[in-house]
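Below you'll find the structure, written out as structure tokens, and then a few comments.
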Amino acid sequence: MKTGDSTSRRNFLQSTITGGAAAALAWRLPSSWGADTPDSATGNYTSRVSLSSGADRANIAFKALEPFKKEIAAAIGKKRVIIKPNNVIPNRPLSATHADNLEGILEFLKSIGKKVIAIAESPAMGSALDGFESLGYNKFVAQYGVKLIDLDKDDFQVLQCIDQKDFQPHPCRMAKTMLEPDNFIISAAKLKTHDLVGITLSLKNVVVGSALKDSANRPMSGKRVTHGGGTYGINYNLFALSAKLHPHLAVIDGYEGMEGTGPVNGTPVAQKVCVASLDWLAADRVGAELMGVDFGKIGYLTFCAQSGDRGQSDLSKIEILGPPIKDLARTYQLPRNWDQITSWQKPMMAS
């Protein structure tokens, strides 16, 4: 099958749910579920995360979502679906969500009858619409009736962030589209390291991508404010903002991850995996495991776990649907400034 043949790809994707009893049985073998969690024998799970692996990026996204077909359809209901890709700098393809990953998500949504869909982004640099074109997203407008949204031109709502220099509240402009209660947010994230917080997965993609850049009429940079002036500030802000800004569905593409100096200047990791869950914290927890990263070293995710109301982070309570984590995990090269990244664990010294 040629990568550019959309008809062949759609047929291939659909075969994951109609390809015969043998394929269905292989996907649902109970022995592979929760194989690396202590509670797999008792089934004391509170969240589920689906893992899929294979040679086709779109197909593994589709397959990762398929176990949650009924739950996702019910959760969306009549809401408008917003897919938030991770396009930090669109002219760096490795740092951005690949079009094939989006195609797998769009094919899945089509299979459950969800058609009112938008792809929305505010990249760190450049125009979202220019990035959509260069990354190959424009084809989805005709194929799926998708609307492409530049969040920097969106209406906004002001939320408050702290800056570690003064620990005072600072107003931060956030895209209204990402906060609307009638929107269902899908985070189409990537497995990537990050030189400020360690790793960037489904939550950070939504929070920082919702913060709006400077413009002639809007001089207050939401992206700068969310970063909080340093390690302490950014980790707290990501945690605090997650109460209002978070994915309703996490889809994390690890077909080709990024290690080293992420989220832009890292190097590729061939992993050929995709993660999906309706519990974004559980998805990010599993994402950290797939990268060989100590979850307890990631400040904002640790804070979310400690709060007790963001989702599940205890692996013993997360059911793994698909191959065991250990069969797909890699050990990612960490950013060189790892000591600085993890300094949030220490008391902040008074100046």
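The values are calculated or read from the model by the stated rules, or taken from the named source; none is laboratory data. Keep in mind it's a predicted model, so treat the numbers as computed, not measured. When we count neighbours, we look across all protein chains shown, and the Cβ atoms used for this are built from the backbone with ideal geometry, even at glycine.
Just a few scattered comments:
- Within the range 58-94, being closer than 19 Å to LYS204 by Cα, under 17 Å from the mean Cα position of the chain (by Cα) and outside any strand (DSSP E or B) holds for ASN86, VAL88, ILE89, PRO90, PRO93, LEU94.
- For the range 277-333, the set of residues classified as part of a strand (DSSP E or B) and closer than 20 Å to ILE185 by Cβ consists of SER277 only.
- Flag if LYS204 is under 30 Å from CYS274 (Cβ atoms) and in a loop (DSSP other than H, G, I, E, B): no
- Filtered residue count, the range 241-276, keeping only those that are assigned to a strand (DSSP E or B) and either without any contact (Cβ under 8 Å) to a residue 60 or more places away in the chain or not β-branched (Val, Ile, Thr) (or both): 13
- Single unsatisfied condition, ALA96 versus (1) touching a strand residue (DSSP E or B) at 6+ places or on another chain (Cβ under 7 Å); (2) farther than 16 Å from ASP253 by Cα: (2)
- Checked against the criterion of being acidic (Asp, Glu) and buried (at least 24 other Cβ atoms within 10 Å of the Cβ), the candidates ASP279, ASP253 yield just one match: ASP253.
- Number of positions in the range 300-346 that are among the basic types (Lys, Arg) and either surrounded by 15 or more Cβ atoms within 10 Å (Cβ to Cβ) or free of Cβ contacts under 8 Å to residues at least 24 places away in the same chain (or both): 4
- Restricting the range 154-168 to residues that are closer than 10 Å to GLY228 by Cα and not charged (D, E, K, R) leaves a set whose member that is nearest to the chain's Cα centre (by Cα) is CYS161.
- Segments classed as strands (runs of 3 or more DSSP E), wholly inside the range 145-192, with at least 1 members that are on the phi > 0 side of the Ramachandran plot and β-branched (Val, Ile, Thr): none
- Apart from one condition, ALA350 fits all of (1) at pLDDT 95 or above; (2) farther than 16 Å from VAL197 by Cβ; (3) surrounded by fewer than 21 Cβ atoms within 10 Å (Cβ to Cβ); the exception is (1).
- Any hit, the range 104-113, residues being without any contact (Cβ under 8 Å) to a residue 40 or more places away in the chain and within 25 Å of ALA64 (Cβ to Cβ): yes
- For the range 190-208, the criterion of being touching a Pro at 6+ places or on another chain (Cβ under 6 Å), touching a residue at least 40 places away in the same chain (Cβ under 8 Å) and more than 14 Å from ASP284 (Cβ to Cβ) is met by at least one residue.
- Residue match in the range 259-275 (condition: buried (at least 24 other Cβ atoms within 10 Å of the Cβ), farther than 16 Å from LYS204 by Cβ and touching a strand residue (DSSP E or B) at 6+ places or on another chain (Cβ under 7 Å)): yes
- Hits in the range 114-134 (condition: touching a residue at least 24 places away in the same chain (Cβ under 8 Å), acidic (Asp, Glu) and part of a helix (DSSP H, G or I)): ASP130
- Answer residue from the range 128-173, given it is at pLDDT below 95 and among the aromatic types (Phe, Trp, Tyr) and is surrounded by the most Cβ atoms within 10 Å (Cβ to Cβ) among those: PHE156
- Residue count for the range 123-135 satisfying the condition of being farther than 19 Å from ASP154 by Cα and in contact with an Asp or Glu (Cβ under 9 Å, 6 or more places away or on another chain): 0.
- Unique residue being crowded, with 22+ Cβ neighbours inside 10 Å, in contact (Cβ under 8 Å) with a residue 40 or more places away in the chain and out of contact with any Leu (no Cβ under 8 Å at 6 or more places or on another chain) when the list is GLY222, GLY228: GLY228
- Residue-level analysis places ILE117 among those that are modelled with pLDDT of 95 or more, closer than 19 Å to VAL251 by Cα, surrounded by 18 or more Cβ atoms within 10 Å (Cβ to Cβ) and of a type in the set (Val, Ile, Thr).
- Qualifying residue in the range 87-94 (condition: of a type in the set (Val, Ile, Thr) and modelled with pLDDT of 95 or more): no
- Candidates LEU238, LEU201, filtered to the one that is buried (at least 24 other Cβ atoms within 10 Å of the Cβ) and more than 11 Å from the chain's Cα centre (by Cα): LEU238
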